[in-house]
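The next block holds one structure in the form of structure tokens; read it before the comments.
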Amino acid sequence: MTDLSIIIVNWNTREMLAGCLESVAGCRSQVACETFVIDNASTDGSAVMVREHFPWVQLIQNTENVGFAAANNQGIREATGRYVVLLNSDTLVPDGALSALLALGDAMPRAGILGPKLVNPDGSFQAGPNEFPTLASVVLETWGLVQWFTRNPNHPSYPETRCQVAMECDWIGGACMVVRREAIDQVGLLDEQFFMNSEEVDWCRRMRDRGWAIWFTPQVQIIHLGGGSA
């Protein structure tokens, strides 16, 4: 039985994608996993690189950029794992991180989605759990005032001081999400009306509405280079 189905959507991030795949390669010796790369019509040779250097990856090559949510859904439909891991191409996964998230999921049957702490390449804090947006926060963000108003440079994430312990939360960022297959079967796929961004917020909300918990753990850290996927 496959434990983890790792799904990586790529659009013109050839070098970052290579680094990401190299970092997850070790997972294959730790848990039963499969890896999909869904390439959204890249023009930088990403697909050729995957075929030549990572033959164990299942490559889905789109002829157009269908967007982040739709491309992830392509991978989810093919996935056979008990958990689906949505992983950005601009991430690096430390050894043992995914197996630790798997163990946490198995220990917490109510957890529909689990997420790690995201850190910058220098190890500094980047993001943790988040609260759902409100009308006020959306207006402030539109005006570019939300970080000043909240005194939180990591908004919408909680500030680092609140991210020291595992906790239930409203939503976690889509750079790395471990999602229980049972929850996906009940709640459904990502909403493809979101081309990119906010699809993970919507998914977490729908999961919570159906009784699934969203969990954050700071004990597992993923390096997020940031901006590459966009």
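The values are calculated or read from the model by the stated rules, or taken from the named source; none is laboratory data. Keep in mind the model is a prediction, meaning the values are calculated, not measured. Counting neighbours? That spans all protein chains shown, and the Cβs are built from the backbone with ideal geometry, glycine included. The protein model used for the area step is the full one, side chains on, heavy atoms only, and it has no ligands, DNA or RNA in it. Shrake-Rupley method; radii C 1.70, N 1.55, O 1.52, S 1.80 Å.
Side notes on the structure shown:
- Carbon + sulfur, % of accessible area of the chain - ligands and nucleic acids excluded, 1.4 Å: 52 percent
- Angle in degrees between helix 97-107 and the longest Cα principal axis of the chain, rounded to the nearest 10: 70 degrees
- Per residue of the chain, the DSSP helices (runs of n ≥ 4 H) give a summed -39500 (n - 2.57) that works out to -9000 deg cm²/dmol at 222 nm.
- Cα-centre dipole for the chain with unit charges at Cβ (Lys and Arg positive, Asp and Glu negative), debye to 20: 460 debye
- Degrees between helix 199-209 axis and first principal axis of the chain (Cα, 0 to 90, nearest 10): 70 degrees
- Two-decimal ratio, region 1-92, of alpha-carbon radius of gyration to 2.2 N^0.38 Å: 0.98
- Label assignment, percent of Cα pairs over 32 Å apart derived from the structure, set (i) 17; (ii) 27; (iii) 14: (iii)
- Most fluctuating residue given options ASN72, ASN120, ASN88, as computed from a GNM of the chain linking Cα atoms under 10 Å: ASN120
- Residue-by-residue Karplus 3J(HN,Hα) for region 17-34, coefficients 6.51, -1.76, 1.60, Hz, glycine and proline x: 4, 4, x, 4, 5, 4, 6, 8, 4, x, 4, 5, 8, 9, 9, 6, 9, 9
- For the peptides 57-70, 159-172, residues were scored by their other Cβ atoms within 10 Å and the scores averaged per peptide; the highest-first order is 57-70, 159-172.
- Computed from Cα positions, the angle between helix 68-78 and the longest principal axis of the chain comes to roughly 50 degrees.
- Inter-part distance where region 201-222 and region 15-31 are each reduced to a Cα centre, Å: 24 Å
- The coefficient of translational diffusion for region 156-227, derived via Stokes-Einstein from the alpha carbon Kirkwood radius under 10 °C and 1.306 mPa s, stands at 119 µm²/s.
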